[in-house]
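First the structure, in the form of structure tokens, and then the observations on it.
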Amino acid sequence: QVRLVESGGGLVQSGDSLRLSCAASGRTFSSYAMGWFRHAPGKDREFVAGNNWTGSTTLYTDSVKGRFTISRDNAKNTVYLQMNSLKPEDTAVYYCAARYYPSAYTSPQSYDYWGQGTQVTVSS
């Protein structure tokens, strides 16, 4: 079992930055690829970013490329999502997820464990 706890969400203005954190406990964190997803009202859950178990390979959805950065610190069992130049369309509940596999993937069904989510609201 892996327990994931997100933090760092909040209400910001368009153009601002936020850094989300996801702390993991349980089984060996470095055995898991990690992903960030978001879910906005009326929309499907969307893949945002992912990295492999060493953090050397990253994936991003097109809408966040150049603005968001995923990183991880395996010594701290934590994955981060740095979000810059936030836009109102980034408003959603953000979830981190763990996949017991070396590399990240965009499908939510590929992930084994999920956090409870943290709300990000971007006002215009």
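Values in this text are rule-based calculations from the coordinates and carry no lab data. Since the structure is predicted, the reported quantities are computational estimates derived from the model, not experimental observations. Positions of Cβ are generated from backbone atoms using ideal geometry, with glycine treated the same way; all protein chains shown enter the neighbour counts.
Extending 7 Å from the Cα toward the beta-carbon at both Thr106 and Ser7 defines two label points whose distance is 3.2 nm. The mean sequence distance of close C-alpha pairs (under 8 Å, at least 6 residues apart), as a share of the length of segment 1-90, puts its relative contact order at 32 percent. Ranked from largest, the principal axis spans of the Cα set of the chain equal 40, 28, 23 Å. Quantify how much of the Cα-Cα distance distribution of segment 58-109 extends past 12 Å, in percent. Summing the P(r) tail past 12 Å for segment 58-109 gives 73 percent. The alpha carbons of segment 1-71 stretch over 37, 24, 23 Å along the principal axes, in descending order. In sequence order, segment 101-117 has phi-based couplings of 6, x, 10, 6, 8, 8, 7, x, 5, 7, 9, 9, 9, 9, x, 8, x Hz under the Karplus curve 6.51 cos²θ - 1.76 cosθ + 1.60, θ = phi - 60°, and Gly or Pro positions carry x. Converting phi to 3J(HN,Hα) with the Karplus coefficients 6.51, -1.76 and 1.60 and the offset θ = phi - 60°, segment 20-27 yields 8, 10, 9, 9, 10, 9, x, 6 Hz in sequence order, with x at every glycine or proline.
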